[in-house]
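J.: Structure incoming, see below.
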Amino acid sequence: MICVSVGRGRHKMMMAEHKHLAEQGAELVELRVDYIRRPVDLKRLLKDRPCPVVVTCRRPEHGGKWMRSESDRVMVLRTAIADGADYVDLEMDIAEQIPRYKSTQRIISYHNFDETPSNLEEIHHQMTELDPDIIKIATMANNPMDNVTALRLCRDSEIPTVAFCMGEMGVTSRLLCGKFGAPFTYATFSSDRKLAPGMLSFEEMRDYYQYDSITKDTKILGVIADPVAHSLSPVVHNACLRKAGLDFLYLPFRVPREYLEQFVSVCAELDIRGLSVTIPHKENVIKHINALDDNVAGIRAANTLVFKTPNIYGYNTDCSAAVESIANTLKDQKPDAVRELAGARVLILGSGGVARAIAFGLKRAKANVTICARDFRKADALSTALDCEPVDWPSRSNFECDVLVNCTPVGMYPEMDVTPFEAEWFDKKCVVFDTVYNPEQTLFIKQARAAECTTITGIDMFVRQAAKQFKLFTGKAPDLKLIRYEVKRAISAAKY
């Protein structure tokens with residue numbers, strides 16, 4: 001169940017939003033009466049309510065708007081109980097001042113906007129002694145393991161517990177707490193009015209993530225990256241999972257580099273069955289894989305993990321997806337241009353995980369590959385490892401090639417006005433490929449097209465590699481047209 005929080009300054013607007021939410025299928029609404037700018041009329045708010053409510057009156061130090069006295073606030077909460085509110089939210093320090101009365105259920109709450117404290121289990125135990133019907137804990141996630149701490153409380157508590165983390169890194173615990181036993185989670189009325197950091201809208205929770213369909217048996221997939229907010233993988237995979245009717249949920253996990261090992265170690269506990277892997281983890285994740293496919297063994301970088309106890313299998317779908325994109329495009333090239341990969345001169349910009357994967361695949365297809373990176377030492381090291389040729393960064397301006405591939409993140413959202421290659425350097429006989437897919441029309445691609453080059457956007461590679469990942473995760477082939485449609489729709493809808 002999703003509890004939707006409503007915070008408006010006027011009774012009339014709060015009641016209108018409550019009614020609207022009930023019409024949209026909301027089963028529980030939190031009335032944040034601390035937002036109301038005049039004396040709170042609880043009888044008016046509770047009379048003829050269209051669905052059950054939680055009455056909450058939060059102080060500023062707990063993320064609230066209440067500016068009157070503490071005694072007045074306690075009286076509002078007592079009145080909510082007397083007037084028959086379905087639930088009332090009581091912070092730990094006032095819970096004993098407000099006794100149980102009639103049928104109103106007591107939510108005993110704890111909030112920490114700075115951290116997830118190391119003694120959270122002890123705090124939870126203290127809350128169990130305050131006569132709760134439900135315990136609510138919301139703490140700030142400063143690392144991905146804070147989410148695990150919160151979810152364990154949901155899973156292990158004898159008293160129903162809603163525990164999740166706030167902030168961007170805590171979004172996954174808001175979505176997973178129900179799977180781990182929480183009676184409900186919290187969402188906001190709309191994405192434009194978030195009442196707490198990392199809060200998702202009711203529409204996102206209900207439609208995009210289909211929260212009410214998540215059960216303890218739902219299998220988890222996701223993407224690990226840092227940053228991760230820009231990733232379109234959740235859009236694509238969740239759409240494909242819904243169409244296939246599979247009980248899976250695909251989530252974005254923001255995992256800083258220093259927490260990679262810890263995160264991988266708890267994937268089984270979180271019921272994670274597969275992960276897409278992107279910047280900055282594609283190479284470092286190799287240390288945590290005990291079964292590699294041939295591509296990963298040669299590339300030493302993985303973009304896909306599949307968990308099958310006791311093994312973690314590593315794959316690289318970037319490699320084959322990119323080579324297929326380039327090979328198919330070359331076949332339709334201009335008559336005076338190279339039309340086969342074998343023997344084609346390819347210049348790769350970048351020396352990271354994507355560059356390594358594509359260079360490996362192209363070398364295996366017998367192309368002549370040259371690596372160019374800002375740090376020549378990295379270009380030289382990658383070239384040595386894959387039997388390519390290195391070239392220094394300034395020389396890219398006059399390097400003759402049949403295929404030019406950008407494997408750097410330059411031009412990726414939100415820095416869309418930069419390019420790794422100047423407009424006057426493009427040769428119209430060259431196929432130009434940008435692995436960046438968000439946005440699709442990068443400055444690099446726009447300038448190449450203006451120079452009459454044949455271009456391949458990152459979406460083509462993204463669609464192919466995502467389809468291969470989906471098959472590895474689920475054993476089923478996805479709808480390629482659906483993947484392409486969802487990616488383009490998400491990019492066009494983005495607020496740049």
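J.: Please give the charge dipole size of the chain, origin at the Cα centre, charges +1 on K and R Cβ atoms and -1 on D and E Cβ atoms. Round to the nearest 20 debye.
T.: Details: 64 positive and 65 negative charges, 247 e Å.
Here the chain has a charge dipole of around 1180 debye.
J.: Moving to a separate point now. Give me the angle, in degrees from 0 to 90, between the Cα long axis of helix 11-23 and the longest principal axis of the Cα atoms of the chain, rounded to the nearest 10.
T.: It is inclined by approximately 60 degrees.
J.: Per DSSP H run of n ≥ 4, the term is -39500 (n - 2.57); total these for the chain, divide by its residue number, and report the mean residue ellipticity at 222 nm rounded to 500 deg cm²/dmol. Show your work: numbers first, answer last.
T.: On the way: 15 runs with 159 residues, N = 496.
Using -39500 (n - 2.57) per qualifying helix, the result is -9500 deg cm²/dmol.
J.: Can you give the Kirkwood hydrodynamic radius of segment 273-368 from its Cα pairs, in Å with one decimal? Don't jump to the answer; show the numbers that get you there.
T.: Working: mean 1/r = 0.0706 Å⁻¹.
Across segment 273-368, the inverse of the average 1/r is 14.2 Å.
J.: Shifting gears a bit: To two decimal places, what compactness ratio does segment 2-214 give when its Cα radius of gyration is scaled by 2.2 N^0.38 Å? Kindly include the intermediate steps, with their values, before the conclusion.
T.: On the way: Rg = 16.0 Å, N = 213, 2.2 N^0.38 = 16.9 Å.
Ratio of Cα Rg to 2.2 N^0.38 Å: 0.95.
J.: Right, next: Could you work out how much longer the chain between ALA342 and ASP427 gets when fully extended? Use 0.36 nm per residue separation minus the Cα distance between them, nm to one decimal. Could the numbers behind the result be given before it?
T.: Numbers: separation 85, 0.36 × 85 = 30.60 nm, distance 2.01 nm.
Length difference between fully extended and current span is 28.6 nm.
J.: Taking the highest mean first, how do the peptides 113-122, 165-174, 263-272 order by number of other beta carbon atoms within 10 angstrom per residue?
T.: Values: 113-122: 13.7, 165-174: 24.7, 263-272: 17.3.
Result, highest mean first: 165-174, 263-272, 113-122.
J.: Could you pull out the pairs from LYS179/LYS476; LYS19/LYS219; LYS179/LYS243; LYS219/LYS282; LYS366/LYS428; LYS216/LYS471 whose alpha carbons sit more than 32 Å apart here?
T.: On the way: LYS179/LYS476 24 Å; LYS19/LYS219 34 Å; LYS179/LYS243 21 Å; LYS219/LYS282 23 Å; LYS366/LYS428 23 Å; LYS216/LYS471 23 Å.
Correct reply: LYS19/LYS219.
J.: Pairs of Cα atoms under 8 Å, at least six residues apart: use those to get the relative contact order of segment 2-214, whole percent.
T.: 16 percent
J.: Something else now. What's log10 of I(q)/I(0) for segment 157-201 at q = 0.14, 0.20, 0.21, 0.34 Å⁻¹, Debye sum over Cα points only, no solvent?
T.: Scattering profile of segment 157-201, log10 relative to I(0): -0.32, -0.60, -0.65, -1.20.
J.: Normalised by the residues of the chain, what does the relative contact order come to in percent, with Cα pairs under 8 Å and at least six apart?
T.: Result for the chain is 8 percent.
J.: I would also like to ask the following. Kirkwood Rh over alpha-carbon pairs of segment 319-456, then Stokes-Einstein at 37 °C and 0.692 mPa s: what D in µm² s⁻¹, rounded to an integer? All intermediate terms of the calculation are to be shown ahead of the outcome.
T.: Working: Rh = 14.6 Å.
The Stokes-Einstein estimate is 225 µm²/s.
J.: Averaged over every viewing direction, what's the projected area of the C-alpha convex hull for segment 378-428? Give it in nm², one decimal, please.
T.: Average projection, Cα convex hull of segment 378-428: 4.5 nm².
J.: Calculate how steeply helix 480-493 sits against the longest principal axis of the alpha-carbon atoms of the chain, using the helix alpha-carbon long axis, and give the answer as 0 to 90 degrees to the nearest 10.
T.: With both axes taken from Cα atoms, the answer is about 70 degrees.
J.: Any number yet on Rg/Rh for segment 14-131, C-alpha, Kirkwood?
T.: Working: Rg = 14.7 Å, Rh = 15.1 Å.
Result for segment 14-131 is an Rg/Rh of 0.97.
J.: Regarding segment 106-258, what whole-number volume in Å³ per residue does the convex hull of its Cα atoms give?
T.: Working: hull volume 16.9 nm³, N = 153.
Spread over its residues, the Cα hull of segment 106-258 gives 110 Å³ apiece.
J.: Which net charge results when you count Lys and Arg as +1 and Asp and Glu as -1 among the other residues whose beta-carbon is under 11 Å from that of ILE107?
T.: Details: positive: ARG106, LYS136; negative: GLU30, ASP86, ASP89, GLU91, ASP133.
Here the count lands on -3.
Every number here is computed from the coordinates shown, using simple stated rules; none is lab data. This is a predicted model, so every value here is computed, not measured. Virtual Cβ from ideal backbone geometry, glycine too; neighbours counted across all protein chains shown.
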